[in-house]
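Report on the following structure.
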Amino acid sequence: METPSSLLIEIERDNSALSATRGKIRQFLESRKWAEQDANRVVLAVDEALANTIEHGIPLNSHPESNRVRINLQEDRNVIRVEIMDSCQPFDPTAIEPADPEEFIEEGRDGGMGIFCFMSLMDVEYKLREGGLGNILVFRYPKS
Amino acid sequence: MAQPILKISESKQGNVLVLALSGELDAKTAPDLRTHLDNSIQAGAIRVVLDCKSLTYVASAGIGTLNAVQKALVQKSGQMVLCHVAKDIKDTMDLMYFTKKVKVFPGLEEALQAF
């Protein structure tokens, strides 16, 4: 039986949601026969993007919906496309210089590598949501 | 809502502190490990082995924690080494250059001999 080629997940902006989200993405990729290393890289990239919006995103208003993030995965012709949509103040991670891993190690920093991780692993596109009402990150990653 | 779980089991092998990690080290659980390690360092531990046999995931927040702890240990003339690191976790550590800073051993015996 053909397994679904897409997965939609909606979560609260709370890092308690990260573990279950990773589990769902991993399960989806396994069902689509993705190799373990590729699956781990997709999971890591999405996890880092979510952790960033959870930790640093500033919701645009107090409406409960503005505290949610939608993750949409679609596999098409052996490429996974992941769309991560939040309702936070505009922030384009592709427009900033990612952290330098050499400096991270040399200085013994305790964080700040999330954007570096997903920018290194994925083909990343940033879009502003219609009316400036949040951010959309699009990751693309080919199956090995 | 499922909670990520990180279990930390502590033992001593001579003057080496061995922490066995089980579960996931992510943005949610990394602060727990940081607190545990900071307390251990304050109590005098400067030689640490992290046994990652049952660690199933690490995010950049977890590696950041280990990176900062390694810095603190080196400043005290100590170090932290790792063993039983799964392939996927090593892949993430390699991405962030962390394996350039910390020694990774196949097993606990070899890790203990690093001191």
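Restricting attention to the stretch A:30-43, the residues that are more than 9 Å from every other protein chain (Cβ to nearest Cβ) and either in contact (Cβ under 8 Å) with a residue 60 or more places away in the chain or out of contact with any strand residue (DSSP E or B) (no Cβ under 7 Å at 6 or more places or on another chain) (or both) add up to 7. If the condition is being in a strand (DSSP E or B) and buried (at least 19 other Cβ atoms within 10 Å of the Cβ), then the stretch A:128-140 contributes A:Asn135, A:Leu137, A:Phe139.
Scanning the stretch A:97-140 for residues that are under 12 Å from the mean Cα position of the chain (by Cα) and closer than 19 Å to B:Leu95 by Cβ yields A:Gly114, A:Ile115, A:Cys117, A:Phe118, A:Met119, A:Leu121, A:Met122, A:Asp123, A:Val124, A:Leu137, A:Phe139, A:Arg140.
Considering the stretch B:50-65, and only residues there that are away from chain A (no Cβ under 14 Å) and surrounded by fewer than 24 Cβ atoms within 10 Å (Cβ to Cβ), the residue that is nearest to A:Ser19 (Cα to Cα) turns out to be B:Ser54.
When you look at A:Glu125, is it charged (D, E, K, R), surrounded by 13 or more Cβ atoms within 10 Å (Cβ to Cβ), touching a residue at least 12 places away in the same chain (Cβ under 8 Å) and not in a strand (DSSP E or B), yes or no? When the stated conditions are applied, A:Glu125 does not pass them. Of these, B:Met96, B:Met80, which one is surrounded by 15 or more Cβ atoms within 10 Å (Cβ to Cβ), closer than 24 Å to A:Glu103 by Cα and more than 7 Å from chain A (Cβ to nearest Cβ)? The match here is B:Met80. Is at least one residue of the stretch A:50-58 more than 9 Å from chain B (Cβ to nearest Cβ), closer than 19 Å to A:Val138 by Cβ and in contact with a strand residue (DSSP E or B) (Cβ under 7 Å, 6 or more places away or on another chain)? Within the stretch A:50-58, one or more residues are more than 9 Å from chain B (Cβ to nearest Cβ), closer than 19 Å to A:Val138 by Cβ and in contact with a strand residue (DSSP E or B) (Cβ under 7 Å, 6 or more places away or on another chain). The condition of being surrounded by fewer than 18 Cβ atoms within 10 Å (Cβ to Cβ), at pLDDT 95 or above, closer than 26 Å to A:Gly112 by Cβ and among the polar types (S, T, N, Q) holds for only one of B:Gln3, B:Gln75, B:Gln70, that being B:Gln75. May I ask you to list pairs of residues, at least six apart or on different chains, whose Cβ atoms are under 6 Å apart, with the first in the stretch B:12-34 being within 10 Å of chain A (Cβ to nearest Cβ) and the second being β-branched (Val, Ile, Thr) and surrounded by 22 or more Cβ atoms within 10 Å (Cβ to Cβ)? Pairs that qualify, where the first residue is within 10 Å of chain A (Cβ to nearest Cβ) and the partner is β-branched (Val, Ile, Thr) and surrounded by 22 or more Cβ atoms within 10 Å (Cβ to Cβ), are B:Ala30/B:Thr65; B:Arg34/B:Thr65. Inspect the stretch B:100-109 for any residue being modelled with pLDDT of 95 or more, crowded, with 18+ Cβ neighbours inside 10 Å and small (Gly, Ala, Ser) and give the result as yes or no. Within the stretch B:100-109, not a single residue is modelled with pLDDT of 95 or more, crowded, with 18+ Cβ neighbours inside 10 Å and small (Gly, Ala, Ser).
Identification of strands (runs of 3 or more DSSP E) wholly contained in the stretch B:1-107 with 1 or more residues that are in contact with a Cys (Cβ under 7 Å, 6 or more places away or on another chain) yields B:16-25, B:47-58, B:79-83.
With a requirement of 3 or more residues that are of a type in the set (D, E, K, R) and surrounded by 14 or more Cβ atoms within 10 Å (Cβ to Cβ), the helices (runs of 4 or more DSSP H) lying completely within the stretch A:1-114 that satisfy it span A:18-31, A:36-56. Set side by side, the residues B:Ser22, B:Ser11 differ, and just one is more than 23 Å from A:Ile105 (Cβ to Cβ), small (Gly, Ala, Ser) and in contact with a Ser or Thr (Cβ under 8 Å, 6 or more places away or on another chain), which is B:Ser22.
The values are calculated or read from the model by the stated rules, or taken from the named source; none is laboratory data. From a predicted model like this one, the values you see are computed outputs, not experimental measurements. Neighbour counts are summed over all protein chains in view; Cβ atoms, including those assigned to glycine, are modelled from backbone coordinates with ideal geometry.
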